[in-house]
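J.: I am attaching a structure below and will ask some questions about it afterwards.
Please treat every number below as a calculation from the coordinates, not as lab data. Worth saying up front: this structure is predicted, and the values here are computed from it rather than measured. Reconstructed Cβ throughout: ideal geometry from the backbone, glycine too, with neighbour counts over all protein chains shown.
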C-alpha cells in the first residue's frame, strides 16, 4: 500500500523531455529577437529626420532636395562656416542669448517651484485643496490663451525686447507641472524627519534647505532638465517678446534663414540646427539617469 502511495509522487518528479525545454527556449529567443527588431525599426523611423538633417547639412545647397538619400554624393562642410556668419551677428551671439534665458529659467523654476511645492506638501493653510486644484487646472491652459494678456502687461512694464518676460515669471512659480512633480516627491519623504528637526529647533526654512532639498535631488534634476529643453526649444514666446534682432535666440535666429520669397539657405539652416541640438543632446545624455529616477519616484507614470 505504501508503494502505491509513493508512485504518484515519483511520477510527478519525472523530468520533462529535453526537446520540450529546447523548444521553450527557442520560442523565448524568437520573441526576444522579434521585440528587438521592432524596437530597432521604430528607432530608425524616429531618428530618420535627424539623420536626414545631418546629411543635408553637409550637402551643397542645390543637392539637398535633389538627392534625398542619407549618404551624400558630395560633401560640403562650408554650410557650417557660412551659416555661422550668415546673419546679423555670429551664431554664437544667439547661442549666448538662449543660454542667458535658459539659465535664468532653470534657476527660477528650481527656487520658486520647490518653495511652492513645499508649501503644498508640508504646510497647512486655508483653502489649500482649492488652491492646489486651481494650480493643477492651469496645467491645461495653452500658452495661446494667456499670451495676449501677458504681452499687454509686459508692454506696460516696458519689458518688450528684453529677456525679462521670459525669465521673471519663472521666479514666480508659473510652471505648475514642476510644482506638481515636486509635491509628489515631497509627499514621499517621511514626515518623521520634519518632526525630528523641529525637536532640534529647526524652522521651515531650515527643514526645507537642510532636509527636503538634499533628499529631492532627482526631482530637482528632472525639473532642471525639462526646463532646459523646453526653454531652449521655445519658439513661440521668444518670437512674441523679442522683435529686436540683437535679442534673438537660437529658435528665432534659425527662422531667419527661411526666406518667404523662396531664396532660403537650407544648407546653412540645417547646419546651424545641428549646432543648436548639441546642448540639448549633451544635457539629456548626462542627465538621463536623473531624469528617469526623478520621474519614477514622483508617481508620474
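J.: Please arrange 234, 194, 246 by counting, for each residue, the other beta carbons lying within 10 Å of its beta carbon, fewest first.
T.: Starting with the residue having the fewest Cβ neighbours, the order is 246, 194, 234.
J.: Taking Cα pairs under 8 Å and at least six residues apart, what relative contact order does the chain come out at, in percent?
T.: In percent, rounded to a whole number, it is 28.
J.: Sort 212, 46, 182, 53 by Cβ crowding within 10 Å, fewest neighbours at the top.
T.: Listing 212, 46, 182, 53 from fewest to most nearby Cβ atoms yields 46, 53, 212, 182.
J.: In addition: With the cut-off at 1.5 for a/c, could you classify the chain from its C-alpha gyration tensor as rounded, prolate or oblate?
T.: oblate
J.: Follow-up. Based on DSSP H runs of at least 4 residues, each adding -39500 (n - 2.57), what is the mean residue ellipticity at 222 nm of the chain after dividing by all its residues, to the nearest 500 deg cm²/dmol?
T.: Roughly -22000 deg cm²/dmol at 222 nm, from the helical runs in the chain.
J.: Within 10 Å of each residue's Cβ, count the other Cβ atoms and sort 231, 256 from fewest upward.
T.: By the 10 Å Cβ count, ascending: 256, 231.
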